[in-house]
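Below is one structure; the comments refer to it alone.
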Amino acid sequence: MGQVEVVDYCFYTDPNATVEARIKDLLSRMTLKEKVGQMAMIERRVGTYDAIKGLSIVLPTFCGLLSVGAMMSGGGSGPFGKVKTKSSDWADMVDRFQKSALDSRLGIPLIYGIDAIHGNNNIYGATIFPHNVGLGATRDADLARKIGEATALEVRASGIHYTFAPCVAVSRDPRWGRCYESYSEDVGIVRKMTSIVTGLQGQPPPTHPKGYPFVAGRNNVIACAKHFVGDGGTEGGINEGNTILSYEELERIHMPPYLDCISMGVSTIMASHSSWNGRKLHADHFLLTEILKDKLGFKGIVISDWRGLDRLSEPRGSNYRYCISSAINAGIDMVMVPYRYELFVEDLTSLVESGEVQMARIDDAIERILRVKFAASVFEFPFANRSLLDTVGCKLHRDLAREAVRKSLVLLKNGKDLKNPFLPLDRNAKRILVAGTHADDLGYQCGGWTADFKGSSGNITIGTTILDAIKEAVGDETEVVYEQYPSVETLARRDFSYAIVAVGEEPYAEKLGDNSELVIPFDGADLLSSVASCIPTLAILVSGRPLVLEPWLLEKIDALIAAWLPGSEGGGIADVIFGDHDFEGRLPMTWFKRVEQLPLHAEMDACDSLFSLGFGLTCNKEKSPNS
């Protein structure tokens, strides 16, 4: 094997030169195969160090050298598989990959991406914030910004440069398996919460050119607005389904959050797996190029979703050459391959050589990729900032998450008699019962996209369960009796002051969460009924969306809280139910009466809801939906 050519000092390595000048210089030095390699984002599991460096011995199909542009970890794909690994382990792994990238001919650094969508949720011990639906209940743009800042620090501590967040979908149907990733059914609320972009990337100066990517420094991360566009409006709430709307309605309902993200300098935008009027978004030149790039002036990276190109043919992954040409010509710049990178590089190279994909389209993609890498200072600071390791799961971040939890809780019922509110609870009661599947399960509390793609039950990370928080909050003389499913003997006792029963959904993600029934799982309604028949009961519903609440059940229970998916800091729930703080959350979605009504949202002429968008009680009075 011949020696790897080493490029001497070049203009593009000068941090004092303008970004556009550096792009022009580096682009002029790149071969076609190096350009195509930069367009590939590959998964950690296929990213051998030699593959990143581009040695021809690893890629015998090619002559010359290849530099892969980006890497990622899918849900649960860590340094040692699904073993609980700390941020320092991740930093070691990413830095090793980065070193190989820097050893390639041009020394172009990788960007490493991860789904840090409610904190750095893949990594053990990180702070897990409430999922977006809960944050939407807060209506607190400043809180969202602070969460972005904290998340950025914990992500950068692990050596990772890039998070696939925020999701700015406007969810119009709770049957959608990604409903909890949306801040609201209301585009105004979603727009308000896009402030998280400035937390993740930093606040651009007033003179920053519109549409240009911006990352403030090495304590910030590259953000990604997703999924462009209309993913929350699919027919029947089907994940990766079809959004049937005129362009005017698409522009009015689903497009505005992207305008805000672009104005904040968001560096990347991810195309949606879904379709618009039957047209796959990953192959829609009109939306990706004519609208997003040309009309809206976005100058960052348009990235595909996970195996997004494979979905452009049936069966999936067939006729890959056609899939590549359709997506790249439509305007996709970087492809989340994630596994078949050798075939991707081979086919795209061939498409350019045959003229089916123009070199100008490739150069546009490379300019955008390099623009983000230069703007984010990845050339200057390619490796992990290990001084940030102490920020991971620190008290300051957990306190912020706890604040987010208490602000996100929506009080839906407080007492069978309005004149006699049930909450706040007496923390010095002699004996209380805590029950339910979600009372002492951190994994259920965090939901999907935590430690793994779909999440799981149990002590999957470090945090405080609802039960832990209750025990910590009550008086020294209070006895807390916990039974997940209380026995007949327990329910027959007459010495409980009250019961707290936490029920809800098991973790899920994406299509695994599509649900046309939306009943409370694990016989949650029956459990609530059995306890409430014997003991005055506070029901806490832990879910990523509204679920069926039958009238008879609402009559039986004394109080009801929508807790959404609160994350690792259950203390925020205790803060509110015992009266240290009042309820502030308001519904981010219309709460339906029957699934047959769906889709149901506030804009509909006949919106016969159980609880309206914006509904939320305090311990003393009802809040106006418009307050």
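The values are calculated or read from the model by the stated rules, or taken from the named source; none is laboratory data. Note that the structure is predicted; figures quoted are calculated from it, not measured. Note that each Cβ is placed from the backbone with ideal geometry, even for glycine, and that neighbours are counted across all protein chains shown. Just so you know, the surface numbers come from the protein's heavy atoms only, side chains and all, with ligands and any DNA or RNA stripped out. Shrake-Rupley method; radii C 1.70, N 1.55, O 1.52, S 1.80 Å.
List of remarks:
- The trypsin sites (Lys or Arg not before Pro) of the range 270-353 that meet both conditions, a loop assignment by DSSP and at most 11 other Cβ atoms within 10 Å of the site Cβ, are Arg316.
- In summary, the aspartates and glutamates within cross-link reach of Lys226, defined as a Cα separation below 17 angstrom excluding same-chain residues under 8 places away, comprise Asp115, Glu181, Glu185, Asp186, Glu240, Glu251, Asp260, Asp284, Asp305, Asp333, Glu510.
- Across the alpha-carbon set of the range 186-315, the Rg to Rh ratio works out to 0.98, Rh being the Kirkwood radius.
- Beta bridges per DSSP with both ends in the chain, % antiparallel, nearest 5: 20 percent
- Spatially, the range 215-274 and the range 311-390 are offset by 19 Å when compared through their Cα centroids.
- At an R0 of 45 angstrom, the distance between the Cβ atoms of Glu235 and Lys430 translates into a FRET efficiency of 0.25.
- Rounded FRET efficiency, nearest 0.05, which uses the C-beta distance separating Glu353 from Lys210 and R0 of 30 Å: 0.25
- Nitroxide proxy distance, nm - points 7 Å out along Cα→Cβ at Ser246 and Asn319: 3.3 nm
- Whole-number Å³ per residue for the convex hull built on Cα positions in the range 69-137: 91 Å³
- Semi-axis lengths (Å, descending) of the ellipsoid that matches the C-alpha gyration tensor of the range 434-485: 25, 12, 6
- For the pair Cys10 and Thr31, label points projected 7 Å from Cα toward Cβ lie 1.3 nm apart.
- Helix-derived mean residue ellipticity, 222 nm - over the chain, DSSP H n ≥ 4, -39500 (n - 2.57), to 500: -8500 deg cm²/dmol
- Scattering profile of the chain at q = 0.05, 0.07, 0.11 Å⁻¹ [log10 I(q)/I(0), Debye over alpha-carbon scatterers]: -0.23, -0.44, -1.00
- Stretchable slack from Asp605 to Asp526, in nm (0.36 nm times residue separation minus alpha-carbon distance): 25.0 nm
- Prolate is the label for the range 541-615, because a/c, from the alpha-carbon gyration tensor with a ≥ b ≥ c as root eigenvalues, is 1.5 or above and a/b exceeds b/c.
- Computed over the range 371-466, the Cα gyration tensor eigenvalues convert (square root of 5λ each) into semi-axes of 40, 17, 15 Å, ordered from largest to smallest.
- Residue pairs, from the table Lys192/Lys413; Lys35/Lys280; Lys395/Lys430; Lys24/Lys210, whose Cα atoms sit over 23 Å apart: Lys192/Lys413; Lys35/Lys280; Lys395/Lys430
- Extension gain (nm, one decimal) between Glu555 and Gln203, 0.36 nm per residue minus Cα-Cα: 121.9 nm
- Heavy-atom accessible surface of the range 540-627: percent carbon and sulfur, 1.4 Å: 48 percent
- Here the accessible area is traced with a 1.4 Å probe on the protein chains. For the range 466-514, carbon and sulfur cover 46 percent of it.
- Shape category assigned to the range 495-627 from the gyration tensor of Cα positions, a/c cut at 1.5: rounded
- Kirkwood hydrodynamic radius of the range 481-559, from inverse mean 1/r over distinct Cα pairs, in Å: 13.5 Å
- Multiplying the residue separation of Asp92 and Arg279 by 0.36 nm and removing their Cα-Cα distance gives an extension gain of 63.1 nm.
- Stokes-Einstein translational diffusion, the range 291-442 - Kirkwood Rh over all Cα pairs, 1.002 mPa s, 20 °C, in µm²/s: 100 µm²/s
- The range 200-266 shape via C-alpha gyration tensor axes, a/c threshold 1.5: oblate
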